[in-house]
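What follows is a short report on a single structure.
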Amino acid sequence: MLSPPTLCKASSPSFSQREFRASLAMFATGVTIVTARTPAGTLLGLTANSFNSVSLNPPLVLWSLSQSAGSMAALSTGSHYAINILAADQKELAERFASKREDRWKDVLFTDGASGSPLLIGAAATFECFNRSRYEEGDHVIFVGEVERCSHRAGAAPLLYHGGKFYSEHPL
């Protein structure tokens with residue numbers, strides 16, 4: 001049995017925000033683009049590497065978004081979104097959807113998922129999610145999605161991100 005913690009809150013950080021970011025950058029992650037469509041039909045998309053599995057039963061995944069993000073209102077109130085895990089040859093898409101450019105959807109190939117969320121052609125995997133719950137923590141909101149449909153491209157190499165740079169998978 002676990003004993004209760006003796007402290008009521010965390011102590012103040014002993015590091016700078018810059019050091020924290022540099023330390024976080026040492027964790028290699030996959031790269032995703034979260035996509036959705038507003039009720040008016042506007043396409044939304046953003047690059048995120050804060051993706052993780054949560055549960056197999058029910059099938060749940062999570063990702064997080066800065067509370068100051070321009071797409072926060074639409075994503076937090078919408079019923080569905082898709083998470084597209086990028087393949088190694090989709091670096092340009094990752095950079096495009098991480099930028100603030102207005103024409104990020106220009107010439108992007110996608111199909112509509114069952115809920116209308118864009119599914120990127122060539123993605124290593126896609127997850128169509130019901131927007132199940134959201135949790136405000138610090139300066140971000142954690143989104144938990146209940147996966148209604150998923151698919152993957154067998155043998156696709158993933159796009160990876162580490163230390164502020166993109167990489168592709170290489171077997172050891």
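The values are calculated or read from the model by the stated rules, or taken from the named source; none is laboratory data. Since the structure is predicted, the reported quantities are computational estimates derived from the model, not experimental observations. So basically every Cβ, Gly included, is an ideal-geometry build from the backbone, and we count neighbours across all protein chains shown. SASA here: full protein model, heavy atoms, side chains in, ligands and nucleic acids out. Shrake-Rupley method; radii C 1.70, N 1.55, O 1.52, S 1.80 Å.
Using DSSP loop states and a limit of at most 13 other Cβ atoms within 10 Å to flag chymotrypsin sites (Phe, Trp or Tyr not before Pro), what is the longest stretch of the chain containing no flagged site?
Values: sites that count: F15, F27.
After excluding every exposed loop site, the longest remaining stretch is 28-172.
Taking amide H as placed 1.01 Å from N in the peptide plane, F110 has its amide H under 5 Å from the amide H of I121, each at least 5 places away in sequence or on another chain.
Full extension of the chain between S99 and S16 gives 27.3 nm of extra length, using 0.36 nm per residue less the Cα-Cα distance.
When a/c is below 1.5 the answer is rounded, else prolate if a/b is larger than b/c, else oblate, so apply that to the range 75-172 with a ≥ b ≥ c taken from the square roots of the Cα gyration tensor eigenvalues. Taking the square roots of the gyration eigenvalues as a ≥ b ≥ c, the range 75-172 is rounded. Here C8 and N57 are evaluated by their C-beta separation; at R0 = 41 Å the FRET efficiency comes out at 0.75. Sites listed here are trypsin sites (Lys or Arg not before Pro) in the range 71-123 whose DSSP assignment is loop and whose Cβ has at most 15 other Cβ atoms within 10 Å: K100, R101, K106. With R₀ fixed at 22 Å, the C-beta to C-beta distance from D107 to E148 puts the FRET efficiency at about 0.20. The residues of the range 106-172 expose on average 62 square angstrom of accessible surface per residue, using a 1.4 Å probe on protein heavy atoms.
How many lysine pairs are close in the chain, with Cα atoms under 21 Å apart and the two 8 or more places apart or on different chains?
4
Taking 13 Å as the cut-off, the amide N atoms of the range 33-69 that come nearer than this to a point 7 Å along the Cα-to-beta-carbon line of S76 belong to 65-69.
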